Amino acid sequence: MMNQVRVQTENFNLGLEVDSLTAGRTDIGAVTSFVGYVRDFNERPEVEALTLEHYPGMTEAQLMQIADEADQRWPLQGMRIVHRVGRLEPGDQIVLVVVASAHRQAAFEACHFVMDYLKTRAPFWKKEHTASGDYWVSARDSDSHAAKRWEKK
Amino acid sequence: MNKLTHLDARGQARMVDVSEKKVTARTATASARVRMSAATLQHIVEGTHAKGDVLATARIAGIQAAKRTPDLIPLCHPLMLSKVTVDLIPDASLPGVLVEATCKLAGQTGVEMEALTAASVAALTLYDMCKAVDKGMVIEDIKVLEKTGGKSGDWTYESMQHADSKPVVETKTAVGPQLQVRFFAELREALSEDELSVELGEGEETTVAALIEQIKAKGEPWATVLNRPNLLVAVNREMSHPDSVVRFGDEVAFFPPVTGG
């Protein structure tokens, strides 16, 4: 299976993910990756931690569907999507997307596409813990707009 | 329905998170049967066995085993058992010994594994104590007789036997609510519930919109939560909409807009 998605509490290692995607392959000419981190400011300053919830089963299926859709749009040689859940603190890695292709343009665009779709379609929810209390993060319009750019005309 | 909860969405083994489950009084009784020669049984009953009091030893072994269940069964939660009883009943008609183990606790997960382990190990100990005189003993019919408490309610082996003898359709209906509704994130918190069972008979269907109205009719906090703007819904883990059809056995989930990444 060239595409792999995982939802896990453990941290991930970008280098290992890239190596596992490219191991033994000579048809890959480009690998792009995106790593998202927990920031210490968001809707409120001084974010101390956040807790990520997901919908087991559906989340993995949605991520796989996003990967499949990227496959249909670009000639890709494999993808890894890893998303962490549970309690995370500022500076922690939260999400990883790795895309392999023969050429850089497809790899860049597909990576961008997967992140934009993941933000608006994959059932994850963030609760932020700050000095002034806990709150569920609300969805951003800018994320929906970013995802809409990829809609076919 | 009737998913294997010890497997996650990728079919990998996991320990089920029970932290949100309510603490209820739970009991479970399991049984096992050890068949042996009439002479062996006589030794046991008369207490003339070379290794000493077979039944007392097996009883203690069963109680000890119940306490060690999570060490033996990989995905079983460690529990604070409040009571364990192991009864060993000689039965000349087998001939052999019936083992019945009952475990009790107030907790968030069932105790049938503890009862099964107690019954099994008591039976194994009977075998160990008597194997020198009777290698042909048979341990058989290990099963849960009944369990009480917890979300799935009371259950007995006997009632299941009756249900099985009915036509398949009736058995399914007898299982009870056939629409599982789940709530995530802010919704789950506002409701203090992560799921709700809705009655829907086999062959019946409804729509997401009608289901929402049905749940809102329960009053607060359901009405407020399901009136939220931007409420999203998934049917069988696929994004859906108010007109989507919902059938017997489906899983419907409501949640707020997603905020991952």
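Within the range A:33-59, the set of residues being facing chain B (nearest Cβ under 10 Å), charged (D, E, K, R) and assigned to a loop (DSSP other than H, G, I, E, B) is empty. Listed here are the helices (runs of 4 or more DSSP H) enclosed by the range B:23-108 that have at least 2 residues being within 25 Å of the chain's Cα centre (by Cα): B:54-67, B:69-72.
Considering only residues in the range B:214-238 that are more than 32 Å from the chain's Cα centre (by Cα), open to solvent by 70 Å² or more (accessible area, probe 1.4 Å) and on the phi < 0 side of the Ramachandran plot, the one that is farthest from the other protein chains (Cβ to nearest Cβ) turns out to be B:Asn227.
Please tell me if B:Glu202 is open to solvent by 60 Å² or more (accessible area, probe 1.4 Å), free of Cβ contacts under 8 Å to residues at least 40 places away in the same chain, in a loop (DSSP other than H, G, I, E, B) and farther than 23 Å from A:Ala139 by Cβ. No.
Selection within the range A:60-95: residues that are touching a Ser or Thr at 6+ places or on another chain (Cβ under 7 Å) and within 12 Å of chain B (Cβ to nearest Cβ). The member of this set that is nearest to A:Asn11 (Cα to Cα) is A:Arg84. Looking only at the range B:106-124, residues that are at pLDDT below 90 and surrounded by fewer than 24 Cβ atoms within 10 Å (Cβ to Cβ) come to 4 in all. One residue alone among B:Glu205, B:Glu195, B:Glu170 is of a type in the set (Asp, Glu) and modelled with pLDDT of 90 or more, and that residue is B:Glu195. Out of the residues in the range A:66-94 meeting the condition of being assigned to a strand (DSSP E or B) and of a type in the set (A, V, I, L, M, F, W, C), tell me which one is farthest from the chain's Cα centre (by Cα). Checked the range A:66-94; the qualifying residue farthest from the chain's Cα centre (by Cα) is A:Leu76.
If only residues of the range B:239-256 that are out of contact with any helix residue (DSSP H, G or I) (no Cβ under 8 Å at 6 or more places or on another chain) and within 14 Å of chain A (Cβ to nearest Cβ) are counted, the one that is modelled with the lowest pLDDT is B:Asp250. In the range B:11-22, the qualifying residues are those that are part of a loop (DSSP other than H, G, I, E, B) and of a type in the set (A, V, I, L, M), and the one that is nearest to B:Leu81 (Cα to Cα) is B:Val18.
Here A:Val114, A:Val85, A:Val95 are screened, and the one residue that is within 30 Å of A:Ala30 (Cβ to Cβ), surrounded by fewer than 21 Cβ atoms within 10 Å (Cβ to Cβ) and either at pLDDT 95 or above or in contact with a Phe, Trp or Tyr (Cβ under 9 Å, 6 or more places away or on another chain) (or both) is A:Val85. Filtered by the rule that a residue be part of a strand (DSSP E or B), more than 7 Å from every other protein chain (Cβ to nearest Cβ), on the phi < 0 side of the Ramachandran plot and open to solvent by less than 40 Å² (accessible area, probe 1.4 Å), the range A:117-134 gives A:Lys127, A:Glu128, A:His129, A:Thr130.
Taking the criterion of being on the phi < 0 side of the Ramachandran plot and open to solvent by 60 Å² or more (accessible area, probe 1.4 Å), the residues of the range B:176-192 that qualify are B:Glu186, B:Glu189. Please verify whether A:Ile28 is open to solvent by less than 40 Å² (accessible area, probe 1.4 Å) and either closer than 28 Å to A:Trp136 by Cα or of a type in the set (Phe, Trp, Tyr) (or both), treating the condition exactly as stated. When the stated conditions are applied, A:Ile28 does not pass them. Close contacts from the range B:65-78, counting a first residue that is open to solvent by less than 60 Å² (accessible area, probe 1.4 Å) and a second that is acidic (Asp, Glu), with Cβ to Cβ under 9 Å and a gap of 6+ residues or different chains, come to B:Ala65/B:Glu114; B:Ala66/B:Glu114; B:Thr69/B:Glu114; B:Pro70/B:Glu114; B:Cys76/B:Glu114.
The values are calculated or read from the model by the stated rules, or taken from the named source; none is laboratory data. Owing to the predicted nature of the structure, the values given are computational and were not obtained by experimental measurement. Cβ sites come from the backbone with ideal geometry, for glycine too, and all protein chains shown count toward neighbours. Please note that ligands, DNA and RNA were not included when accessible areas were found on the heavy atoms of the full protein model with its side chains. Shrake-Rupley method; radii C 1.70, N 1.55, O 1.52, S 1.80 Å.
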